[in-house]
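Nothing in this text is a laboratory measurement; each read-out follows from the coordinates by a stated rule. Since this is a predicted model, take the numbers as computed values, not measurements. Ideal geometry is used to build each Cβ from the backbone, glycine not excepted, and the neighbour counts take in all protein chains shown.
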2 protein chains.
Amino acid sequence: MTHSAVPPARHAVTRDDVARYAGVSSAVVSYVVNGGPRPVAASTALRVRQAIKVLGYRPNASARALRTGTTRLLGLVVPEIGNPLFAELAVAIEESAAQRGYDVMLTNSEGDPDRERRQVSNLVARQVDGVILTTMRTGSDVALLPLDGVPTVLLNRFDAVPGFDTVGVEAEAGAFLGTAHLIEHGHERIALVIGGGPAGHIEARERGWTAATRRAGLDDGPIARDDFSRAGGHRAALRLFGSPHPPSAAFVSSDMQAVGVLRALDELGLRVPQDVALVSFDGTQESEYTLPRLTVVKQPVQEMAAAAVERVLAIGADSSNEHSLHAPRLVIGGSCGCLGPAASSEVRPALG
Amino acid sequence: MTHSAVPPARHAVTRDDVARYAGVSSAVVSYVVNGGPRPVAASTALRVRQAIKVLGYRPNASARALRTGTTRLLGLVVPEIGNPLFAELAVAIEESAAQRGYDVMLTNSEGDPDRERRQVSNLVARQVDGVILTTMRTGSDVALLPLDGVPTVLLNRFDAVPGFDTVGVEAEAGAFLGTAHLIEHGHERIALVIGGGPAGHIEARERGWTAATRRAGLDDGPIARDDFSRAGGHRAALRLFGSPHPPSAAFVSSDMQAVGVLRALDELGLRVPQDVALVSFDGTQESEYTLPRLTVVKQPVQEMAAAAVERVLAIGADSSNEHSLHAPRLVIGGSCGCLGPAASSEVRPALG
């Protein structure tokens, strides 16, 4: 921690504290915080920002809100708003924030690291009271973002990131749960559909899938890696199930991919769940309306959103980092086999 | 126009112009625009804001961006980010904005008018250079939002709104196109699935559906009104197709509703397109992955987004309001009957 050299403040850090630490006037601190109205030399601004970070200074949001007539504000950065999981997380964060009197401004990076960096700058310059960040960056890359000491929580992280507070789902346990469910249905060769990921890194969902098959004494099934998108799932499934000895089941690491898998199986003339059983990870609204409805390992979206909002507002009062993981649960649909033959047009479901 | 008493400015309006008009110092104008660092009496701030509005003053975004290290910024307000149409519009607006050197900050009102009002206040106070607003408000209600003279374009408007620039799709022509396509397939009783809407107001998609059936000399089909959501479409279709004399086809006013209609038909044991033919309005990515794939009247999302961004950046240079409507197109999927029997697991499509 870079903060360790500074004794914890006994009182709320004020603008005057920052000015004293940086060796500038209180007005200059204000210009830096407010982005004006007077220009500040870059080297001076840097010194002020460092002082803000070291001292943990937060401009008084309530006073500012009274002055400007606006409410308190959180910033949310998502990598892909077209992914229903992130849209649902955004809505849940807005609801949790509203319950505490905060509004949310959202930016969508579309996986572009330069755009994400600018968006973080924009949010910080626009004086958000905290940032909730769902990013594809690895831990060390997150530290490169210009967060300037604004309280930040990383959401949708499966693993702890040193120096940051994180909130995520127990992804390994979830993948284990979903794969074990397919094993209970008697499947002995279960594929994994998942994203590419950085070389050498084995992601939590892959670890959970492997652990479940090995615990059951089964050989590892085939892995199809492709984009976390409907098109990616479609391509992955055409490769997997168009092969000479296709698996009889698959654990799919995201709902978007699972939607593409369903289309590919339909094109290949394979029925779900009679010919191929599926369990998907996420449990978004879209997964409730596929034909058949997907059996899912459902992420606790509301619970994670509430935890992220609570945490980002607590940072500053409490200087140690917290890493909270939340348990997913299995929700039975028509794709695993529990409800009998597919709820297709020709065949009526035996149950539910 | 309240602006008519003021001669059009021959030069770019400056902060000094605003100060002179409001009878305050230039610094006070800056405090109001920047929300600080000094407090300004409410009555003075109101006078400054009125001067800004009357004169059409825009703070110099580029200079501010250089000073604060942030880029130029547009605000986007959507009513429901979980609707894939709005998510796709948001992504397209971000792309169009990025091409012009702007980033986008997004807020999601979830249909709550109070939240929407606060979000507009937040965006204006945070000095966005323009606002693109997709709102459920009627024309006269839009004027109540605290836009404070910030250039604003209303996106996703089917009809002109006096006093505002608008961008939208030719919804009536689109509904006509989709319904006429079902008539070409020989259907004589075509339902409409649509949202509730304000009493007494007949929406553009309903007008287009009516016009197509009447031109063909057919009786009006039944109308099922419910929420613009998957659940709303599901409920509407259970009522429509669970009735004693169900229609043989439906024009569905949104993809989200159509996804719910597909589930309801599956539950009722009705096949698409053999028993019921469907054409949906929107053409989002989700509609490309339903089983069968939906035949859609596709909204020109990229074109509308580009028009909205171009327009919001042009306001100020040009004081008259523009209303631009963009043409949708029919995209054939498996739900209308053109491709033969359903691309279901048991039956292979005859074509495509």
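Please give the Cα centre distance for segment A:293-340 versus segment A:125-198, rounded to the nearest Å.
11 Å
Shape of the protein assembly as shown from its Cα gyration tensor (a ≥ b ≥ c, root eigenvalues): rounded if a/c is under 1.5, otherwise prolate when a/b > b/c, or oblate?
Oblate.
Give the angle, between 0 and 90 degrees and rounded to the nearest 10, that separates the Cα long axis of helix A:204-215 from the longest principal axis of the Cα atoms of chain A.
40 degrees
Under 5 Å between amide H atoms, partner at least 5 residues away or on a different chain: which partners does B:Arg72 have, H built in plane at 1.01 Å?
Amide H to amide H, under 5 Å and 5 or more residues apart or across chains, B:Arg72 pairs with B:Asp103.
State, to one decimal in nm and shortest first, how far the label point of B:Arg20 sits from each corresponding label point in the other identical copies (label point: 7 angstrom along Cα-to-Cβ).
4.6
Going by a ≥ b ≥ c, the root eigenvalues of the Cα gyration tensor, does segment B:77-143 fall in the rounded group (a/c under 1.5), the prolate group (a/b larger than b/c) or the oblate group?
oblate
Nearest 500 deg cm²/dmol is fine: what mean residue ellipticity at 222 nm does chain B get from its DSSP H runs of n ≥ 4 alone, each adding -39,500 (n - 2.57), divided by its residue count?
Result for chain B: -12000 deg cm²/dmol, rounded to the nearest 500.
Return the FRET efficiency for the residue pair B:Arg239, A:Arg100: r is the Cβ-Cβ distance, R0 is 51 Å, and the value is rounded to the nearest 0.05.
My answer for the efficiency is 0.80.
Which of rounded, prolate, oblate describes segment A:171-299, given a ≥ b ≥ c as roots of the alpha-carbon gyration tensor eigenvalues and a/c under 1.5 marking rounded, otherwise prolate only if a/b is larger than b/c?
The shape class here is rounded.
How far is it, in nm, from the label point at A:Val331 to the one at A:Glu184 when both lie 7 Å from their Cα along the line to the Cβ?
It works out to 1.8 nm between the two label points.
Near the amide H of A:Ile81, under 5 Å away, which other amide H atoms are found, from residues 5 or more places off or on another chain, if H is placed in the peptide plane?
HN-HN under 5 Å from A:Ile81: A:Glu110.
Considering amide H positions built from the backbone, and no H for Pro or chain starts, which residues 5 or more places from A:His323, or on another chain, come under 5 Å of its amide H?
Amide H to amide H, under 5 Å and 5 or more residues apart or across chains, A:His323 pairs with A:Thr166.
Other chains' Cβ within 10 Å of A:124-137 residues: what's the mean?
What the average comes to for A:124-137 is 2.
Find every distance from the label point of B:Ser319 to the corresponding label point in the other copies (7 Å from Cα along Cα→Cβ) and write them in nm, one decimal, shortest first.
Here B:Ser319 shows inter-copy label distances of 5.8 nm.
Relative to the first principal axis of the alpha-carbon coordinates of chain A, what is the inclination of helix A:230-241, with its axis defined by its Cα atoms, in degrees from 0 to 90 and to the nearest 10?
30 degrees
Read phi for every residue in segment B:184-193 and hand back ³J(HN,Hα) as whole Hz from Karplus 6.51 cos²θ - 1.76 cosθ + 1.60, θ = phi - 60°, with x for Gly and Pro.
4, 7, x, 6, 10, 9, 10, 7, 10, 10
Can you say what percent of the DSSP beta bridges in the protein assembly as shown, counting only those with both residues inside, are antiparallel? Round to 5.
Rounded to the nearest five, the antiparallel share is 10 percent.
Helix A:301-314 versus the longest principal axis of chain A: what angle, 0 to 90°, nearest 10, using Cα atoms?
The answer is roughly 20 degrees.
Relative to the other copies, what are the label-point distances for B:Ala199, with labels 7 Å from Cα along the C-beta vector, expressed in nm at one decimal and sorted shortest first?
Those separations, rounded to one decimal, come out as 6.8 nm.
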